[in-house]
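Encoded as structure tokens, the structure appears first; notes follow it.
Derivation of every value follows stated rules applied to the coordinates shown; laboratory data play no part. This one's a predicted model, so the numbers in the text were calculated from it and none came from an experiment. FYI the Cβ positions are ideal-geometry reconstructions off the backbone, even for glycines, and counts take in every protein chain you see.
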Amino acid sequence: MSDNAQVEHLVDKKYEAGFVTDIESDTLPPGLNEDVIRHISAIKGEPDWLLDWRLAAFAHWKTMSEPHWAHVKYTPTDYQAISYYSAPKKREDGPQSLDEVDPKLLETYKKLGIPLHEQEFLAGVAVDAVFDSVSVATTFKGKLKDAGVIFCPISEAVQEHPELVKKYLGTVVPTGDNFFAALNSAVFTDGSFVYIPKGVRCPMELSTYFRINASNTGQFERTLIIADEGAYVSYLEGCTAPQRDENQLHAAVVELIAHDDAQIKYSTVQNWYPGDENGVGGIYNFVTKRGDCRGARSKISWTQVETGSAITWKYPSCVLRGDDSVGEFYSVALTKMHQQADTGTKMVHLGKNTRSTIVSKGISAGFGQQSYRGLVHIGKDATGARNHTQCDSLLIGSTCGAHTFPYVEVKNPTATMEHEATTSRIGEDQLFYCKSRGIAEEDAVNLIVNGFCKDVFNELPMEFAVEANRLMEVSLEGAVG
Amino acid sequence: MLKIENLHASVDGKKILKGIDLTIKPGEVHAIMGPNGSGKSTLSNVIAGRDGYEVTAGSISFHGKDLLAMQPEERAWAGVFLAFQYPVEIPGVNNVYLLKAGVNARRRHLGLEELDAMEFMQLVREKARLVELDQAFLSRGVNEGFSGGEKKRNEIFQMAVLEPSLAILDETDSGLDIDALRVVAGGVNKLRSPERSIIMVTHYQRLLDYIEPDVVHVLADGKILKSGDRTLALELEKRGYDWVREEAAHA
Ligand SMILES: Nc1ncnc2c1ncn2[C@@H]1O[C@H](COP(=O)(O)OP(=O)(O)O)[C@@H](O)[C@H]1O
Ligand SMILES: [Mg+2]
């Protein structure tokens, strides 16, 4: 059998997280107008300034149109057909502890393998779980509180720490930044808020799992993470969504702010439902993620492992404003079946001696289409700025595609730029080599793919690196015949 | 242990092997010599089970089993090993990790307990010494950035770890300088045993100065034209291959 015929099966892995939780929920009827926004804001008991902020974003959004420059194809979304709010029905005033959380919810989390229970405390993972639009359980608050760390649903932060939210919200991704960011600003329902005070090293990895459950609801989380001077935090976001025939929209906004000498490490493992083997269903993942290295010597690292979604449109970026600040982007993206991904990063060098590293690993199988799109901008004051970009594509079979769109803007002649790009195919010779050593084909493919991804997996927190490895393996399962 | 009968094979419809007969007993070392393009690598690949080679006639039995019915990894589990003429690079995949996966897959298949990381590292260090392979190579990507000689040495190291009952060395000597040749040959000699048979594919008789073969075969135009002992190799070196062809034509 030929190389292609052999590996083309690398496509048909069943989606493991595709179950629907049967739980009563409060859902707004589909449609978007000022009343819907007022309703969301009222449910959450928001202050007037936030409602005004939302309404301004909505007014701006109405003047914008959906962007179509990405190298992806899809039928335009009908924004009036989406419900903008869905929350699991609360008992009384909501859960005070895990014991009070609806057991069905916990069961869902268990199926997803999310560490929610006390014993996971020992593993050092604090979870702020977002179920559809409302955070239902937040763990390990005590320990974090002792360290002075604030880690809570953003809706709670609006109530408890309005001064922080007001000071930082929308300062990295302005409401009118782009179509999806404007929409998110208008209708965001929940998400995480993190504040690490001066000089504090967050004592554990913080983690949020997002999961889209109710059908026809868009999910619009808003995440805001602030590391004050000299602070450090590592944050992991994991995502899954159940299996449905219709496409669901996910338009999140994540804003990171690092002050002087602060470090934020943000890791994502994304396996939203990718659609079926015919390209029906799946999540549209249109996300704006941006970090602002506001202070000198600050550092922001994005690490992402993207194996899900029907369409991914996302460019976690860094604005390197502070002198000597550092931005990093490490990415593994897998597109199989009919998945499409247009992903990459933007590194905007404004401060002196700013440095950025981009390592992008794209794997395409089946009819998957993938583009790397990256911008490196060196501003006129960014003396001594340096960028290193490494962009590798691995193709499995002959019906998939990989594309690279690097953009470079250099306004300061002292900049140093390096760009390396490779495209390779898992070769029959590599597979045969492994097989002749006693390794069955499917294991050989996993071995080769994991080897290809190693530079990125090494950047993930230890326990999640193992998880990422496993995720790649299940994603590629059944691929080889 | 290995019995090849009337083996015909083609690639892309082109006939390459045209009736190979070859019997190898346990512990024997057979050298296969022949001009470029005569089908030596094709024979090696067909034994190891590479795709793309169509066997149009004949059979290969190994320890009494039909080798041609088995997948390449099953052949490895049964004890077949091929040292490649051109070993591929697999970037990012740790050399030792690949071997551990291979060794443990075979152990699982044989109903043995898998080796843990400690046991395996011990085995690997011992074998690396055997072929004088620098420990640094163990943790590098498979053949990643290795020189030609290092790749060949790595192949023999893998053979030492996998302990096959039939090892096929496809031009393991080409591209080696004399010192490297001595080391590699020394490694192979240490791996000779009454249970282990070896097929050595080579162009040059100089390898046979280091690894003494029991039988020497001449493969030309897809057929084994002549077999003999060590002296046949010396004669080939002096006289080339044409006289064998002529002799065969008149036989
Ligand atoms: N994959 C292949 N595709 C086409 N022709 C091949 C292929 N492999 C080998 N051949 C041809 O088969 C013949 C024998 O090759 P090979 O077995 O490599 O010879 P040797 O190892 O004795 O030099 C040559 O003519 C070669 O060109
Ligand atoms: Mg050859």
Check: What residues qualify as long-range amide H neighbours of A:VAL254, i.e. H under 5 Å apart, gap of 5 or more or another chain, H built at 1.01 Å from N?
Finding: A:THR223, A:THR288, A:LYS289, A:ARG290
Margin query: Counting only other residues whose beta carbon sits under 11 Å from that of B:GLU171, what net charge do I get with K and R as +1, D and E as -1?
Written below: -1
Next item on the list: Could you let me know the centre-to-centre spacing of the stretch A:23-62 and the stretch B:155-198, using Cα atoms, in angstrom?
Entry: 73 Å
Item checked: CD proxy at 222 nm, helix term only [per DSSP H run n ≥ 4: -39500 (n - 2.57); per residue of chain B; nearest 500] -> -12000 deg cm²/dmol
Margin query: Counting only other chains, and only Cβ atoms inside 10 Å, what mean value do you get across the residues of B:70-83?
Written below: 4
Check: Residues with beta-carbon under 13 Å from that of A:LEU256, excluding A:LEU256: net charge, scoring Lys, Arg +1 and Asp, Glu -1?
Finding: +2
Check: Which ³J(HN,Hα) values in Hz, rounded to whole numbers, follow from the phi angles of the stretch A:27-38 under the Karplus curve 6.51 cos²θ - 1.76 cosθ + 1.60, where θ = phi - 60° and Gly and Pro get x?
Finding: 10, 6, x, x, x, 9, 7, 4, 5, 4, 5, 4
Item checked: Length-normalised contact order for chain B - Cα pairs under 8 Å, 6+ apart - percent -> 27 percent
Notebook entry, point to check: Over the stretch B:1-70, what relative contact order in percent results from Cα pairs under 8 Å that are six or more residues apart?
Noted result: 42 percent
Notebook entry, point to check: What shape does the stretch B:9-140 take by its C-alpha gyration tensor, where a ≥ b ≥ c are the square roots of the eigenvalues and a/c under 1.5 counts as rounded, a/b above b/c as prolate, and the rest as oblate?
Noted result: prolate
Notebook entry, point to check: Angle between the Cα long axis of helix B:178-191 and the longest principal axis of chain B, 0 to 90 degrees, nearest 10?
Noted result: 80 degrees
Next item on the list: Quick one: compute the contact order of the stretch B:149-236, relative version, from alpha carbon pairs under 8 angstrom and 6+ residues apart, as a percent.
Entry: 26 percent
Margin query: Loop-only GluC sites (Glu not before Pro) in the stretch B:143-251, please: DSSP not H, G, I, E or B, and at most 13 other Cβ atoms within 10 Å.
Written below: B:GLU195
Margin query: Over 25 Å between Cα atoms: which of A:LYS435/B:LYS18; A:LYS145/A:LYS289; A:LYS299/A:LYS352; A:LYS435/B:LYS152; B:LYS18/B:LYS152 fall into that group?
Written below: A:LYS435/B:LYS18; A:LYS145/A:LYS289; B:LYS18/B:LYS152
Next item on the list: Place the peptides B:33-43, B:158-168 in order of packing, highest mean first, counting for every residue the other Cβ atoms within 10 Å and averaging per peptide.
Entry: B:158-168, B:33-43
Next item on the list: Using a 10 Å cut-off on Cβ to Cβ distances, tally the other chain neighbours for every residue of B:90-100 and report the average as a whole number.
Entry: 6
Check: Tell me, what ³J(HN,Hα) does each residue in the stretch A:353-359 have, in order and in whole Hz, if you take phi through Karplus 6.51 cos²θ - 1.76 cosθ + 1.60 with θ = phi - 60° and put x for Gly and Pro?
Finding: 6, 7, 10, 9, 10, 10, 10
